[in-house]
Amino acid sequence: MRRIDKENYYLDIAETVLERSTCLRRCYGAIIVKNDEIVSTGYNGAPRGRRNCMDLGHCTREAMNVPSGERYELCRSVHAEMNAIISAARRDTLGSTLYLAGREAKSGELLHDATSCSMCRRLIINAGIQRVVIRNTDTEYSVVHVEDWVREDDSLPQAT
């Protein structure tokens, strides 16, 4: 038996966390790890005390045919990355790694294009997280160095 590498070990845990997601479109799980210890976990779902899309039986963005990656202000959910950051102290996120995994809610298919939205990127930057590791396949992943998100500022208007 071959021992799993650390990156896939933590990505597997992030996948388990996503099973708590209440989103009807895409389910995400995130964990923050520092010094080889899990600091916090998060999945996407409505804020505490509010009804989830699962409970309501519909997704507002889906009902309005909003494309993936757009109009997040219409979404009831707090994103997985946000929930993981909210559950951690900043001293524990400085220099840490965030692991992210996503699946389609209806089919359960692994998302090969999972990434953090621009709002989550801002939180990740301010939390002092150093790297984001994103699951692409059952064993392959991408590593994003957060300093790249700082340098490639997606909040600036694009030159035409």
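Given (1) under 22 Å from Val144 (Cα atoms); (2) under 16 Å from the mean Cα position of the chain (by Cα); (3) open to solvent by 30 Å² or more (accessible area, probe 1.4 Å), where does Arg20 come up short, assuming only one miss?
Just one mismatch for Arg20, condition (1).
List the residue pairs whose Cβ atoms are under 9 Å apart, where the first residue sits in segment 113-142 and is under 11 Å from Ala101 (Cα atoms), the second is of a type in the set (Phe, Trp, Tyr) and surrounded by fewer than 15 Cβ atoms within 10 Å (Cβ to Cβ), and the two are 6 or more positions apart or on different chains.
Correct list of pairs: empty, since none qualify.
Just for segment 25-55: of the residues that are more than 21 Å from Val66 (Cα to Cα), in contact (Cβ under 8 Å) with a residue 40 or more places away in the chain and hydrophobic (A, V, I, L, M, F, W, C), which one is surrounded by the fewest Cβ atoms within 10 Å (Cβ to Cβ)?
The qualifying residue surrounded by the fewest Cβ atoms within 10 Å (Cβ to Cβ) is Val39.
Residues being within 13 Å of the chain's Cα centre (by Cα) and over 12 Å from Tyr141 (Cβ atoms): count how many of those fall in segment 86-97.
Step one: list which residues in segment 86-97 are within 13 Å of the chain's Cα centre (by Cα), which gives 86, 97.
Next, only the ones that are over 12 Å from Tyr141 (Cβ atoms) stay: 86.
Residues flagged as within 13 Å of the chain's Cα centre (by Cα) and over 12 Å from Tyr141 (Cβ atoms) within segment 86-97 amount to 1.
Here's the yes/no breakdown for (1) under 19 Å from the mean Cα position of the chain (by Cα); (2) more than 21 Å from Asn136 (Cα to Cα); (3) assigned to a loop (DSSP other than H, G, I, E, B):
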{"residue": "Met1", "(1), (2), (3)": "no, yes, yes"}
{"residue": "Leu11", "(1), (2), (3)": "yes, no, no"}
{"residue": "Ala30", "(1), (2), (3)": "yes, no, no"}
{"residue": "Val33", "(1), (2), (3)": "yes, no, no"}
{"residue": "Thr41", "(1), (2), (3)": "yes, no, no"}
{"residue": "Asp55", "(1), (2), (3)": "no, yes, no"}
{"residue": "His58", "(1), (2), (3)": "no, yes, yes"}
{"residue": "Glu70", "(1), (2), (3)": "yes, yes, yes"}
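Which of (1) at positive phi; (2) assigned to a helix (DSSP H, G or I) does Gly49 not meet, given it meets every other one?
Gly49 satisfies every listed condition except (2).
The values are calculated or read from the model by the stated rules, or taken from the named source; none is laboratory data. These numbers come from a predicted model, not from an experiment. We place every Cβ from the backbone using ideal geometry, glycine too, and count neighbours over all the protein chains shown. In case anyone asks, the SASA skips ligands and DNA or RNA and just uses the protein heavy atoms, side chains included. Shrake-Rupley method; radii C 1.70, N 1.55, O 1.52, S 1.80 Å.
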